[in-house]
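Asks: The structure is given below, and queries will be raised subsequently.
The values are calculated or read from the model by the stated rules, or taken from the named source; none is laboratory data. Model, not experiment: these values are computed from the prediction. Neighbour counts run over all protein chains shown; Cβ positions are idealised from the backbone, glycine included.
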Amino acid sequence: MFGEFKEVMTKEFEMTDIGLMAYYLGIEVNQREDGSFISQAGYEREILKKFRMDNSKSINTPVECGVKLSKHDEEEKVDPTFFKSLVGSLRYLTCTRPDILYAVGLVSRYMEDPTTTHLKIAKKILRYIKVLWRRILEEPFTEGVRGDALE
């Protein structure tokens, strides 16, 4: 099917076949016979280093159940620019890490006036991305993610 499409497009437009895609917008793509696989392992390492969390201890969950955050905390405020950079980096990572989507959405609500508690939760997400996660990404797109892959 793809071969036919490629042939039609080549006749209509000037094209060059450069082979299989390996990297796109910071996302690593691995195309094999049993499916296509994506990851942002390089980007993960980059943001862990950028926010000085590359040597931190990993944890097994991005956010505790029932955590309550508030905009009206009387805690010490943190640099909003730093916090926005951290949360923005995490938001881009959700392209390939749906397991952190809820936690990142939670801290995203506090970018205007972040406190030390908000920063602590964001850093926990960074510690979580260090966990062995490759088995989630080892599932081909054609089959989806197994239920036990997230356990």
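Asks: The conditions are (1) at pLDDT 85 or above; (2) assigned to a helix (DSSP H, G or I), and G3 fails exactly one of them. Which is it?
Replies: The number of the failed condition is (1).
Asks: Additional query: Within segment 102-123, count every residue that is in contact with a helix residue (DSSP H, G or I) (Cβ under 8 Å, 6 or more places away or on another chain) and not in a helix (DSSP H, G or I).
Replies: Looking only at that region, the number is 5.
Asks: Return the residues of segment 124-151 that are at pLDDT 60 or above and not in a loop (DSSP other than H, G, I, E, B); say none if nothing qualifies.
Replies: Those that are at pLDDT 60 or above and not in a loop (DSSP other than H, G, I, E, B): K124, I125, L126, R127, Y128.
Asks: Can you tell me which residue among T81, T115 is at pLDDT 95 or above and more than 25 Å from A41 (Cβ to Cβ)?
Replies: Values: T115 fails: at pLDDT 95 or above.
Of T81, T115, the one residue that is at pLDDT 95 or above and more than 25 Å from A41 (Cβ to Cβ) is T81.
Asks: Is there a residue in segment 12-33 that is within 30 Å of K123 (Cα to Cα), touching an Asp or Glu at 6+ places or on another chain (Cβ under 7 Å) and part of a strand (DSSP E or B)?
Replies: Among the residues of segment 12-33, not one is within 30 Å of K123 (Cα to Cα), touching an Asp or Glu at 6+ places or on another chain (Cβ under 7 Å) and part of a strand (DSSP E or B), which makes the answer no.
Asks: Among the residues of segment 84-105, are any out of contact with any Ser or Thr (no Cβ under 6 Å at 6 or more places or on another chain), surrounded by fewer than 19 Cβ atoms within 10 Å (Cβ to Cβ) and more than 29 Å from V29 (Cβ to Cβ)?
Replies: So far as segment 84-105 goes, no, none of its residues is out of contact with any Ser or Thr (no Cβ under 6 Å at 6 or more places or on another chain), surrounded by fewer than 19 Cβ atoms within 10 Å (Cβ to Cβ) and more than 29 Å from V29 (Cβ to Cβ).
Asks: For a quick check of your reading of the model, give me the residue pairs whose first member lies in segment 66-78 and is at pLDDT below 80, whose second is surrounded by 11 or more Cβ atoms within 10 Å (Cβ to Cβ), with beta-carbon atoms closer than 7 Å and at least 6 apart or on different chains.
Replies: Here the result reads D73/T115; D73/T117, each pair linking segment 66-78 to a residue that is surrounded by 11 or more Cβ atoms within 10 Å (Cβ to Cβ).
Asks: Let me ask something additional. Name every residue in segment 1-55 that is free of Cβ contacts under 8 Å to residues at least 12 places away in the same chain, acidic (D, E) and loosely packed, with under 12 Cβ neighbours inside 10 Å, in order of residue number.
Replies: E4, E7, E12, E14, D17, E33
Asks: Please go through (1) surrounded by 13 or more Cβ atoms within 10 Å (Cβ to Cβ); (2) over 16 Å from Y128 (Cα atoms) for H72 and return the number of the only condition it doesn't satisfy.
Replies: Condition (1) is where H72 drops out.
Asks: Something else about it: Filter segment 53-75 for residues that are under 21 Å from the mean Cα position of the chain (by Cα), within 20 Å of A103 (Cα to Cα) and not β-branched (V, I, T) and give the result.
Replies: M53, D54, S56, K57, S58, N60, P62, E64, C65 - these are the residues of segment 53-75 that are under 21 Å from the mean Cα position of the chain (by Cα), within 20 Å of A103 (Cα to Cα) and not β-branched (V, I, T).
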